[in-house]
Amino acid sequence: MEKDIQLLVSKVKDETRRKRVVKIYGMGGLGKTTLARKVYNHTDLQSYARAWVCITQQFEHKAVFGKILKQLDSNVNVDGLEVEDLVTRIQSCLKERKCLVVIDDIWEDVHWEIIKQAFPLNCDVILTTRNEDIANQQSEPHRLEFLTEDEGWTLLQKVADISPDDPNIKSFEDIGRKIVSKCEGLPLSICVIGGILRNKVHTEWINLNIESHLKHGKGVGKYDKVNQVLELSYDALPYYLKPCFLYLACFPEDHKIDREKLYLLWMAEGFISYQDKEANETLRDVAQRYLIELGMRCMVQLHEAYAYSTPLEKYVSCGLHDLMHDLCSSKAEKEEFLMRIDASKHLTDILLPTRIAISYDPSSNPSIDGLKEVRGLRSFIVLPKHYYPIPTMGFKESMVNFKMSQYLRIFVVEGCEFEGGKLPIKVGELIHLRYLSLRLSNVRELPKSICSLPYLQTLDLRCAFIRLPNVIWKMKRLKHLFLKAEIQVIGGEKLKLGGLQELETLDKISSKTTCIADIPTLISLQKIHVYVSDVDSLLIVLNNKNSQLRENRLYVMYCDFSSEKGREVLNDGLMSPSLVSLEIWSCNMGSSFPYYEPEMCQNLVMLSLRECKVKVDVKDFGKYPMLQELWLERVGMEETLTCHSNSFPQLQTLVLFDLHDLKVWEAEEGALPKLTSLSISGCPFLKVWEVEKGAMPKLTSMIITRCPNLEKLPDGLRSISTFRRMTIRFMPWVFMARVNKEDYGPFVEKEIDMEAIY
């Protein structure tokens, strides 16, 4: 795609163009979205204000405008804004800056006519569409071509993981070029076939008779062969992956499917086999292997996490190509496996399978009716299409006939508004229930009957506010518990957890509301996220000798570590291999933060010290091998901060905020090799900042605010080829004048808040 990428990037950068809209068009599976994403993420365009929005066939223009505005201004609250307000605010954001907006997969010209009202003339827009006729008068068309035979073979070889040194490479290539020809150069088809052939031996390539699968008369029009190839990819799945793939039909088109939620749903349905477990593996590990295998087969798209500590956390979410989503949904419905429906539909006359997934737009007053006669439900899922802070989906107890659905295993009702804020009492009678999620709902109190669910594996109670009966400890099969730290326990006691011998995930508990002393009894615990406000509780959490524990995320506040015991607890805790995230806020830590020792913080990914009475040696943090995010705010330090060569090997985000001791900052060559984002704010005595050539080689964006004594920007910034965006606010006139005279590269966008200059 290199030529296409360079051409489109040059068009975006060319300010003399009359038409500011580029339309990438072509049939599904050609790579329109992939090309648009490459342009969107191109280093030359990182200084632009950017937004990306996917348009589904169920076009909802208010939601589209809300998504665009939220990306352009992360601080704005779009809740309650009408369309006119959203459009006005988008225009205001775009008026003064270079900007790029991608409208992905637009279906109808009337949709473009509605959307385009938000964009001023100076805004660059990229559309992707299958329809050549969309936006004809306003756009420059860019037709995406099919791959040549050489390009197709290169792609197939890469996806199928064929080494150029393989002794059978010539035979592989002969067969591969025939496959590319049968796929007619369509990248999606080639990728899918490559996924089927991945890790297959030479004889299996020979035996793949693709002609027998590409039957004439199947599919619709020009999508005949691509539909047949996708069908082949499903048919070629091993038996254990087919239900896992079909279950993805739960989620709406273009949805980012949360990895953790997917694993837990698969497990609750019984799709993950105990027989596939290897030594020291859990079902969650097996689920991850299943997802990666679907990714290797090019049936799902895997999205990597921004920061992760272990290979198990590498992927944060997944998704489906729209043609693959069509296949998944049609197969699931045809096989009476699952049906996903949109809210606001009356379903009385529709023959529904035993699994129902309802998706809804939270901003459109959603509702659902016609389900009370449905019998034998096995899975009932209600999911918002995007995050919304308040419940909007009305749920009546009569919506589901619980008596006729006594074998229900999954009951997910996220973002639902229940009558009286109460969970239907009959939910406590669903003795086969494995998964219960009330996330973002208005349930204010959990009934005691919840402890009568003998097989419940996952309980998600991340509601705005909820009162809990002290009975969760009785749910012996519970494996995954999600809470909010600010729960209230009925009766005033702390929430008891002792005896949950199968519990693997414990997310967001607080030492103020939960009995921390129970944690050592949770012998299967693998992941914990805990808020701690006293040293004794911290000692229990950090001294947990559970060998199963993989991830310990700690938020520590108002603790006094100045005593010998406190320092010993903190020092020992930093040696824990399970500690991956540590946030310390408003704590008295004595004279200094623990000095670095070998094996300290070996898996720590995130460290935040805010408003603490402590003096830190930042050079020590540079020795933490996995540290990817560091936030220092209102802590003591040396006057000179030196980042030595090879320090901070994984650091990507650095925030220095209100550091009154900092006067000189020096970054040597080879320091901060992966830093991409830097923010320096409220450092009143910082005077000298030096960056040697070769330091921070991947820095892309920087923010400097309220550092009145900083004399100049370091010359070394000019040598950073990735540097694209510089934001400077609340700095003196003299500094600003010097910045405007100096050259920091032709592609650096300087965003200067003129009204804030003093």
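What follows is calculated from the coordinates using simple rules that are stated; it is not laboratory data. Predicted, not measured: the structure shown is a model, and the values here were computed from it. Reconstructed Cβ throughout: ideal geometry from the backbone, glycine too, with neighbour counts over all protein chains shown.
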(request) Report the antiparallel proportion of the DSSP beta bridges in the stretch 1-126 as a percent, rounded to a multiple of 5. (result) 0
(message) With N set to the number of residues, divide the alpha-carbon radius of gyration of the stretch 112-190 by 2.2 N^0.38 Å and report two decimals.
(response) 1.67
(request) For Lys693, go through the aspartates and glutamates and keep the ones whose alpha-carbon is under 20 Å away, minus same-chain ones fewer than eight residues off. (result) Glu666, Glu668, Glu669, Glu711, Asp715, Glu742, Asp743
(message) Can you give me the C-alpha center-to-center distance between the stretch 445-461 and the stretch 668-702, rounded to a whole angstrom?
(response) 50
(request) Using amide H atoms built 1.01 Å from N in the peptide plane, name the residues 5+ places from Ser510, or on other chains, whose amide H lies under 5 Å from its own. (result) Tyr531
(message) Projecting each Cα onto the charge dipole of the chain (Lys/Arg +1, Asp/Glu -1 at the beta carbon, about the Cα centre), which of Gly428, Thr727, Thr514 comes out farthest on the positive side?
(response) Gly428
(message) How big is the dipole moment of the stretch 431-525 about its Cα centre under a simple scheme where the beta carbon of each Lys and Arg is +1, that of each Asp and Glu is -1, and everything else is neutral? Debye, nearest 20, please.
(response) 160
(request) At a Cα cut-off below 18 Å, give the aspartates and glutamates reachable from Lys314, other chains included and same-chain residues fewer than 8 away excluded. (result) Asp258, Glu260, Glu281, Asp285, Glu293, Glu304, Glu551, Glu629
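In the stretch 69-105, which GluC sites (Glu not before Pro) fall in coil by DSSP and have 11 or fewer other Cβ atoms within 10 Å?
Glu82, Glu96
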(message) Using the Cα centre of the stretch 15-76 as origin and beta-carbon charges of +1 (Lys, Arg) and -1 (Asp, Glu), tell me which of Leu45, Ser74, Val22 is placed farthest towards the positive end of the dipole.
(response) Val22
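Suppose we keep just the DSSP beta bridges with both residues in the chain; what percent of those would be antiparallel, to 5?
Working: 6 of 124 bridges.
The answer is about 5 percent antiparallel.
Quick one: which of Lys70/Lys225; Lys23/Lys225; Lys3/Lys116; Lys67/Lys494; Lys256/Lys448; Lys38/Lys95 span more than 30 angstrom between C-alpha atoms? Can you show the working numbers first?
Numbers: Lys70/Lys225 39 Å; Lys23/Lys225 25 Å; Lys3/Lys116 28 Å; Lys67/Lys494 40 Å; Lys256/Lys448 34 Å; Lys38/Lys95 25 Å.
Over 30 Å Cα-Cα: Lys70/Lys225; Lys67/Lys494; Lys256/Lys448.
Please go through the stretch 117-184 and write out the GluC sites (Glu not before Pro) that DSSP classes as loop and that have at most 13 other C-beta atoms within 10 Å.
Details: sites: Glu132, Glu145, Glu149, Glu151, Glu173, Glu184; in loops: Glu132, Glu145, Glu184.
In loop regions of the stretch 117-184 (DSSP not H, G, I, E or B), the sparsely surrounded GluC sites (Glu not before Pro) are Glu132, Glu145.
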(message) Below 13 angstrom from the Cβ of Lys687, what's the summed charge of the other residues (Lys, Arg +1; Asp, Glu -1)?
(response) -3
(message) Please compute the modelled spin-label separation between Thr722 and Glu493, points set 7 Å along Cα→Cβ, answer in nm with one decimal.
(response) 5.3
(request) Would you mind computing, in nm to one decimal, how far apart the modelled labels at Thr642 and Asn75 are, each placed 7 Å from Cα along Cα→Cβ? (result) 3.7
(request) Name the residues whose placed amide hydrogens come within less than 5 Å of the amide hydrogen of Ser592, ignoring near sequence neighbours (fewer than 5 apart) on the same chain. (result) Lys615
(message) Check which residues have an amide H placed less than 5 Å from Lys674's amide H, if you skip close sequence neighbours.
(response) Leu651
(request) Just subtract the alpha-carbon distance of Glu2 and Lys242 from 0.36 nm times their residue separation and send over the number in nm, one decimal. (result) 82.8 nm
(request) Enumerate the lysines that Lys687 could reach by cross-link, defined here as Cα to Cα under 22 Å, with residues fewer than 8 away along the same chain left out. (result) Lys615, Lys619, Lys663, Lys712, Lys741, Lys750
(request) Evaluate the charge dipole of the chain about its Cα centre and quote only its size in Debye, nearest 20, assuming +1 on the Cβ of each Lys and Arg and -1 on the Cβ of each Asp and Glu. (result) 1120
(request) Describe numerically, in nm with one decimal, the distance between label points set 7 Å from Cα along Cα→Cβ at Lys698 and at Arg467. (result) 5.0
(message) If you average the alpha carbon positions of the stretch 518-536 and of the stretch 30-73, how far apart do those two centres end up, in angstrom?
(response) 40
(request) List the residues of the stretch 519-536 whose backbone N lies under 13 Å from a point placed 7 Å from the Cα of Lys565 along the Cα-to-Cβ direction. (result) 534-536
(request) Only residues of the stretch 464-505 count here: report those whose backbone N is under 14 Å from the spot 7 Å along Cα→Cβ of Trp585, or say none. (result) 485-486
(request) Kindly state, as a whole number, the per residue volume in cubic angstrom of the convex hull around the alpha carbon atoms of the chain. (result) 180
(request) Provide the per-residue ³J(HN,Hα) series for the stretch 690-698, in order, calculated from phi with Karplus coefficients 6.51, -1.76, 1.60 and θ = phi - 60°, each as a whole number of Hz, with x at glycine and proline positions. (result) 10, 10, 6, 4, x, 8, 6, x, 10
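Please work out the Kirkwood hydrodynamic radius for the stretch 625-722, using every pair of different C-alpha atoms, and report it in angstroms with one decimal place. Walk me through the numbers on the way to the answer.
Working: mean 1/r = 0.0754 Å⁻¹.
Every distinct Cα pair counted, the radius reaches 13.3 Å.
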(request) In whole Å, largest first, what are the principal axis extents of the Cα atoms in the stretch 242-330? (result) 38, 30, 21
(message) Distance between the C-alpha centers of the stretch 544-575 and the stretch 93-137? Whole Å please.
(response) 52
(request) Enumerate the calculated ³J(HN,Hα) couplings along the stretch 395-406 in order (Karplus 6.51 cos²θ - 1.76 cosθ + 1.60, θ = phi - 60°), each rounded to whole Hz, writing x wherever the residue is Gly or Pro. (result) 10, 9, 4, 7, 4, 10, 8, 5, 5, 8, 10, 5
(request) Using +1 at the Cβ of each Lys and Arg and -1 at the Cβ of each Asp and Glu in the chain, identify which of Leu265, Asn603, Leu539 lies farthest towards the dipole's positive end. (result) Leu265
(message) Report the Cα-based extents of the stretch 2-143 along its three principal axes, largest first, to the nearest Å.
(response) 42, 32, 24
(request) Find the relative contact order for the chain and round it to a whole percent, using C-alpha pairs within less than 8 Å whose residues are 6+ positions apart. (result) 5
(message) With viscosity set to 1.002 mPa s at 20 °C, what whole-number translational diffusion coefficient in µm²/s follows for the stretch 383-459 from Stokes-Einstein and a Kirkwood radius over Cα pairs?
(response) 168
